[in-house]
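Colleague: I have a structure I would like to understand better, so I am pasting it below and will then ask my questions one at a time.
The values are calculated or read from the model by the stated rules, or taken from the named source; none is laboratory data. Quick caveat: nothing in here was measured; it's all calculated off a predicted structure. Cβ coordinates were reconstructed from backbone atoms using ideal geometry, including for glycine residues, and neighbour counts include every protein chain displayed. The area values use the complete protein model at the heavy-atom level, side chains included, leaving out ligands, DNA and RNA. Shrake-Rupley method; radii C 1.70, N 1.55, O 1.52, S 1.80 Å.
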Amino acid sequence: MNASTRSPEDQNTMAIEEISAEEAATPLGRELNGYAVIVPLAAILALATAAECGSVTHPASVAYGAVLWGWWGTIACVLWKLAPRLPVVSRLSVKTILLHAVSGLILALVHLSLLWGIGFPLGWGQSNQKMMRGVLFNINRVGLELLIYGFIIGITGVVQHKLRAQHDAMRSLELQKQLSSAHLRALQMQLEPHFLFNTLNAITTLVELGRQSEAVEMLLHLNLILKSTLKRTTPEKVPLSQELEMIDNYLAIEQIRFADRLQVQIKVDPGALDGMVPCFLLQPIVENAIRHGIANCVSEGKVEASARREGGNLHLRVRDTGTEAGIPAQNGHGIGLKNTRERLVHFYRDEFAMKAQPLDEGGFEVAIIIPYEPQRR
């Protein structure tokens, strides 16, 4: 089953599952990345200490280096694992600083006791044991232990803060995307029912006038339009060729309504047909041209539409010949054009241009320039 055939409920469920999977994977990713740094670093420092004390082949030197840095490596791994779950580990305050000071002192004394204790199984003499006790249990060495503990806490806090900030930013972007998509769906829902209401009203009028064959033809075109629009569960971009097919069906409906009063001219550069455009981009513009221009004409009116590609841009233009003399022209900034501009902002930010203005020779013109995006094959 592809994305276009899934129901909205299926797509929402998949989106929730994807987010949940991402959340579940994030802590694991943090742990693996932290361990990948902590464990090799502790091993390197242990070997360097063993080499400095004597030799990496000397059991006493290796044991001392392993206990010295293996202890702090283990503490670092535990803190790294607890930091995402316990804010006290990575968030500083007066209370947490005092707590870390006490914890660091206890861990330092335990660590120094382990370092002193390894001398017994290694066969230290009585004099060496007293010497090591003096070397290990003094204010400078305890201060160094506290400094190492503080360094681990500081690094863990900074890294976890960065990870939380990155995660919060990703969640914020995801929320913004969901809200933007919801807003875009609301805009499209404003357009499609409006068009549907006008078309059904026109069909009713034809039936009342006894023009059943034209009403049936209009229903056929409406059916083609609905088939192409209702299958889209979310707003999307479509090839210009597909958008023009919908416009052809729409104009066929309007030509039945206005008979000989409506003339249509469409000029499209073949190189622009595979360019992607927001769905339902042209229909409200063409509808405005007919509704505010041709509908007020007693004689013939014309709607012209054109599309061409110029370099990296796609130029779209819709114009009408305007109303009869003496009938004031509409300003052309109703719900259709307003929503069109908002949808363009959604898709292209500030990388588009849209002008909607009356023409000196009469009539109204809407010109849009958007980036050319070729259809993906």
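Colleague: Report, by chain and number, residues whose modeled amide H sits under 5 Å from the one on residue 262, excluding near sequence neighbours (fewer than 5 apart, same chain).
Modeller: Answer set, sorted by chain and number: 301.
Colleague: Quick one: order 156, 204, 57 from most to least accessible surface, probe 1.4 Å.
Modeller: So, going from the largest accessible area down, we get 57, 204, 156.
Colleague: Still on this structure, please answer the following. Can you work out the Karplus-derived ³J(HN,Hα) for every residue in region 312-317? Use 6.51 cos²θ - 1.76 cosθ + 1.60 with θ = phi - 60°, whole Hz, and x for glycine or proline.
Modeller: Along region 312-317, the couplings run x, 10, 10, 9, 10, 8 Hz.
Colleague: To continue, here is another question. Amide H neighbours of residue 238 under 5 Å, counting only residues 5+ apart in sequence or on other chains, H built in-plane at 1.01 Å?
Modeller: 277, 279
Colleague: Could you state how much accessible area residue 162 has, in square angstrom rounded to the nearest 10, with a 1.4 Å probe and all protein chains kept in place?
Modeller: 140
Colleague: To the nearest 0.05, how large is the calculated FRET efficiency for residue 113 and residue 78 if R₀ is 25 Å and r is the Cβ-Cβ distance?
Modeller: Working from the Cβ atoms, E equals 0.85.
Colleague: Moving on. Please arrange 349, 309, 376 by accessible surface area, largest first, computed with a 1.4 Å probe and ligands excluded.
Modeller: 376, 349, 309
Colleague: Continuing with the same structure: Give, as a single signed number, the net charge of other residues whose beta carbon lies under 11 Å from the beta carbon of residue 304, with Lys and Arg counted +1 and Asp and Glu -1. Present the calculation step by step, with values, prior to reporting the outcome.
Modeller: Details: positive: 267, 302, 317, 319; negative: 320, 365.
Neighbour charge sum, excluding residue 304 itself: +2.
Colleague: Just to verify a number: what accessible area does residue 217 come out at with the full protein assembly present, 1.4 Å probe, Å² rounded to tens?
Modeller: 80
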